[in-house]
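Shown next, in structure tokens, is the structure this report addresses.
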Amino acid sequence: MTRKLPATDVVIIGLGWTGSILAHELTGAGLNVVAIERGPWRDTATDFPPAFAQDELRYHIRHDLFLRPAQQTMTFRNNVNQTALPIRAWQGFMPGNGVGGGGLHWNAQTWRFNPTDFQLKTHLTQRYGSKFLPENMTIQDWGVTYDEIEPYYDKFEYLCGTSGKAGNLNGQKQAGGNPFEGPRSREYPTPPQRQPYAAVLFAQAAKELGYFPFPQPSGNLSQAYTNPLGVTLGACTFCGFCEWFGCGNYSKASPQTTILPALIRQPNFEARTNCEVVRINLDKSGKRATGVTYIDTSDQEWEQPADLVLLCAFQLFNVQLLLTSGIGKPYNPSRNEGVIGRNYSYQVTSNVDAFFDDKNFNPFISSGSIGMCIDEFNGDNFDHGPHGFVGGGYMGAVQTGGRPILTTRTPPGTPAWGAQWKKAVADNYLSSYETMVHASSYSYRDVYCDLDPTYTDRLGRKLMRITFDFHENELKMSQYLTDRLAEVVQKMGPRQIVKLPRTGPYTSTQYQTTHTCGGAVMGTDRSISAVNRYLQSWDVPNLFVMGATAFPQNAGYNPTDTVCALAYWAADAIVNQYLKNPGPLVQT
Amino acid sequence: MTLVFSTTSAGALVVKGSLPWTPNAGDPPTAVLPGPWVYFIPEEGAAIEALVDRLIPPDPQTPGGKDAGCAVFIDRQLAGSYGSAEGLYMRGPFANGTPQQGDQSPLTPAVRYRQALAALDKYCRATFAGKSFAQLPDDQKDKVISGLEEGSATLDGADGKMFFAQLLTNTREGFFADPVYGGNRDMVAWKMIGFPGARYDYRDWVDRHNERYPLPPVGFAGRPGWVRQGP
């Protein structure tokens, strides 16, 4: 039997980055906020202190901080002609779990998207003509511009204390920063991290080729920093256990190190952990959310009524909860109708490995967002006309550590085991390096999410089904970008390089990033978007949907800065517009 | 104030007013203890020791997989949550998919090892005049392993190629993981490659470029030199 709880003003589903940001902004506006989190409470001292945080087996290989697929997973197929099968163990991407969400185990690469990324369809059509785009590509504009969300990027970066060097301050190019970035209203809160050997060599090589290398913007801080909420982070110690790990040193920006200590002191905030929301409830009209239903660890069901529902789970689970709750029209690719599950996108990464004779990189000295990059081949920073594809990415020397189980790089032709393998690992561990391209993934009519007809979770709910494959445009792009990266790496003087462009078909068994995007995208036309420019549901105006769920396609940058800027942008709209006059913020 | 969610069982928490902090609430790893096999029967243990010692053979500088503890590591992993596929999605229906859809086997790692090792034993005894894998000379052991790797050695009742991949993965995990898990004994694998282990602060070293980091590795339990000798 479901037990009904007293009503609250706001219920938040998921207490990661966006949930923490919204909770802080809305409690600050005087609202009573209840956050419901599927996983446990997590904090530095209990879950990943430096006494045992550096555990590659536990955290990276055995996924200690991640969601258990037994609790929730999804099915996958490459195309509609296949039968989707469940992802039984995480490999391709790694959904987080617990308070902090993905913000706990991210690398803290804190990139802004380019101004043209937000008006992608308009921009590319104007520059190259509409016939230049592949026929079934469904990219679209976001409905918000870079200039509109710049203050919110700034706000998030100053929350985190992000370390970097501006390349564009109010329209003035700055030496040493990314000359292709959109204008910033002020410099980064803290200077860039110091760089290890490989990054410095890469930057020298890039300069010789006429490029403009710059330090990767980092949420692993170069120095101690106290943020506007009064929370202090320490300087990063380059331990090399960042991605997949919690930071034992309070030096990686996360909800734990930037917001939660302040948020928890708000008397009008309450978090319930190990409680999983199973659906968003609607009234009889179907146009108003009445709250959520969740289960605790004893499978007791609770109803939490609320005036405002904020869906702040990870992208995939946002889409799933919308589908499960019957909110918005599910996407149907054959009819090209509906919006929930439409425009799913991901990321296209590739690598160039390099083996040197005379170098010692000490690869274990690193952070999740250290490194030197170039941005000449991102977005539309270069003329795509001669190349026959759209999209791009940043590239650079950004290896995040030398954790030995998975950093046993050997030259091509080395056997996978035996004496030769062992010798090759010993010979190359310190003197080899992996460089990376981190590129865009645009959306297509036949790439989407819906509910699986066969597989169910432990509660009998249908799993979500992902239908995804790379398209020719992305594979061409990956080849071109990887070739450009290889030219820089070759200048670093290696004995041998190995080019690893992304090839098809997409496989769920190979990790690239956890940057799954879309499925309930933002926009100005409700026939092709699920939420308006303030991330407010077109169908249920007292529901807002946060996260990369809103990205109409993914750009060639890591998503978190944009995810959190959008969260602040939406929070501003809720506080300054919605609360004064609850209802649709955009009329149709 | 932190309360266990009243009226319900443990697990669900209400957090309000202050961070939920209690002394000694950390969850460090439990160290593997030496001693007899926990999961393997003796014949399986002997086969695994022989296998990991060919996957990572000893050389004058660095011990092989057996002396590094890879077999002990695998045994303890199979006896624990990894072996039982805890936390993985193990609901049916089970169907073979494309390689892109990943592992769809209904069998847990522990069961896969048991079946594969029994099948390997049968294969070796049938092929090599009644000898078990562990009894074969090194060159024949290597031929058997290559046969599994390439799929040319067909096992009866197990997927040899899949077993090879899993065994190699687990052997490397044991070789390079922190010694608390039973492998990488005395941090031999970390010494071999120059990885300093569970250190946490390289601020003095990040811009000392192209220099060999001088300090020896440490694990979660320190290193042998830290243990007081004698009374």
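Pairs linking a residue in the range A:41-64 that is free of Cβ contacts under 8 Å to residues at least 24 places away in the same chain and at the interface with chain B (Cβ under 7 Å from one of its Cβ atoms) to a residue that is of a type in the set (Gly, Ala, Ser) and buried (at least 19 other Cβ atoms within 10 Å of the Cβ), with Cβ atoms under 7 Å and 6 or more positions apart or on different chains, do not occur.
Exactly one residue out of B:Thr171, B:Thr108 is within 13 Å of chain A (Cβ to nearest Cβ), surrounded by fewer than 20 Cβ atoms within 10 Å (Cβ to Cβ) and of a type in the set (S, T, N, Q), and it is B:Thr108.
Residue count for the range A:419-449 under the criterion of being surrounded by fewer than 21 Cβ atoms within 10 Å (Cβ to Cβ) and more than 14 Å from every other protein chain (Cβ to nearest Cβ): the result is 3. The residues of the range A:516-564 that are assigned to a loop (DSSP other than H, G, I, E, B), buried (at least 24 other Cβ atoms within 10 Å of the Cβ) and of a type in the set (Phe, Trp, Tyr), listed by number, are A:Phe551, A:Tyr557. Screening A:Gln587 on (1) more than 30 Å from A:Val390 (Cα to Cα); (2) at pLDDT 95 or above shows it passes everything except condition (2).
Is one or more of the residues making up the range A:357-365 in contact with a strand residue (DSSP E or B) (Cβ under 6 Å, 6 or more places away or on another chain), within 12 Å of chain B (Cβ to nearest Cβ) and within 18 Å of A:Ile497 (Cβ to Cβ)? Looking for residues that are in contact with a strand residue (DSSP E or B) (Cβ under 6 Å, 6 or more places away or on another chain), within 12 Å of chain B (Cβ to nearest Cβ) and within 18 Å of A:Ile497 (Cβ to Cβ), one finds at least one in the range A:357-365, hence yes. When residues in the range B:179-203 are screened for being within 15 Å of A:Pro363 (Cα to Cα) and in contact with a strand residue (DSSP E or B) (Cβ under 8 Å, 6 or more places away or on another chain), 8 of them pass. The residue of the range A:463-484 that is nearest to A:Val80 (Cα to Cα), among those that are of a type outside the set (S, T, N, Q) and in contact with a Ser or Thr (Cβ under 6 Å, 6 or more places away or on another chain), is A:Arg465.
State all residues of the range B:181-228 that are assigned to a loop (DSSP other than H, G, I, E, B), of a type in the set (A, V, I, L, M, F, W, C) and over 20 Å from A:Thr400 (Cα atoms); if no residue qualifies, say none.
Matches in the range B:181-228: B:Leu215, B:Phe220, B:Ala221, B:Val227.
Looking at (1) within 13 Å of chain A (Cβ to nearest Cβ); (2) in a helix (DSSP H, G or I), which one does B:Lys122 not meet, given that it meets all the others? B:Lys122 satisfies all of (1) within 13 Å of chain A (Cβ to nearest Cβ); (2) in a helix (DSSP H, G or I) except (1).
In the set A:Gln91, A:Gln82, A:Gln54, A:Gln72, only one residue is surrounded by fewer than 24 Cβ atoms within 10 Å (Cβ to Cβ) and closer than 24 Å to A:Pro255 by Cβ; that residue is A:Gln72. Filtered by the rule that a residue be surrounded by 15 or more Cβ atoms within 10 Å (Cβ to Cβ) and under 33 Å from the mean Cα position of the chain (by Cα), the range A:406-415 gives A:Leu406, A:Thr407, A:Thr408, A:Arg409, A:Thr410. Which residue is surrounded by the most Cβ atoms within 10 Å (Cβ to Cβ), if the candidates are limited to the range A:565-584 and must be of a type outside the set (A, V, I, L, M, F, W, C) and in a helix (DSSP H, G or I)? Filtering first and then ranking leaves A:Tyr568. Considering the range B:190-210, the residues that are within 7 Å of chain A (Cβ to nearest Cβ) and over 27 Å from A:Lys252 (Cα atoms) include one that is surrounded by the fewest Cβ atoms within 10 Å (Cβ to Cβ), namely B:Ile193. Quick check on the range A:11-33: of everything there that is crowded, with 24+ Cβ neighbours inside 10 Å and among the β-branched types (Val, Ile, Thr), which residue is nearest to the chain's Cα centre (by Cα)? Checking each candidate, the answer is A:Thr18. The set of residues in the range B:36-68 that are more than 8 Å from every other protein chain (Cβ to nearest Cβ), among the aliphatic types (A, V, I, L, M) and touching a residue at least 12 places away in the same chain (Cβ under 8 Å) comprises B:Val38, B:Ala46, B:Ala47, B:Ile48, B:Ala50, B:Leu51, B:Val52, B:Ala68. Inspection of the range B:152-159 identifies no residue that is surrounded by 17 or more Cβ atoms within 10 Å (Cβ to Cβ) and within 11 Å of another protein chain (Cβ to nearest Cβ). Of the residues making up the range A:448-474, those that are without any contact (Cβ under 8 Å) to a residue 40 or more places away in the chain and either in a loop (DSSP other than H, G, I, E, B) or in contact with a helix residue (DSSP H, G or I) (Cβ under 8 Å, 6 or more places away or on another chain) (or both) number 1. Among the residues of the range A:266-294, those that are in a strand (DSSP E or B), closer than 18 Å to A:Arg42 by Cβ and either over 29 Å from the mean Cα position of the chain (by Cα) or not acidic (Asp, Glu) (or both) comprise A:Phe269, A:Ala271, A:Arg272, A:Thr273. Here A:Ser369 passes the criteria (1) under 19 Å from the mean Cα position of the chain (by Cα); (2) farther than 28 Å from A:Gly103 by Cβ except the one numbered (2). Pairs meeting the criteria (first residue in the range A:352-377 and at positive phi, second residue surrounded by fewer than 20 Cβ atoms within 10 Å (Cβ to Cβ) and of a type in the set (A, V, I, L, M, F, W, C), beta carbons under 8 Å, at least 6 apart or on different chains) are A:Asn362/B:Trp205. In a residue-by-residue description of the range A:244-256, the property of being away from chain B (no Cβ under 11 Å) and among the hydroxyl-bearing types (Ser, Thr, Tyr) applies to at least one position.
With respect to the conditions (1) out of contact with any helix residue (DSSP H, G or I) (no Cβ under 6 Å at 6 or more places or on another chain); (2) more than 7 Å from chain A (Cβ to nearest Cβ); (3) modelled with pLDDT of 95 or more, B:Leu33 lacks only one, and its number is (3).
Could you grab me the full set of residues in the range A:37-96 that are under 22 Å from the mean Cα position of the chain (by Cα), hydroxyl-bearing (Ser, Thr, Tyr) and under 28 Å from A:Asn332 (Cβ atoms)? The answer is A:Thr73, A:Thr75.
B:Asp139: outside any loop (DSSP other than H, G, I, E, B), touching a residue at least 60 places away in the same chain (Cβ under 8 Å) and more than 23 Å from B:Gly35 (Cβ to Cβ), yes or no? Answer is no for this residue.
The values are calculated or read from the model by the stated rules, or taken from the named source; none is laboratory data. Here the structure is a predicted model, which is why all the values come from computation and not from measurement. Here Cβ is always computed from backbone atoms with ideal geometry, including for glycine, and neighbour counts include all displayed protein chains.
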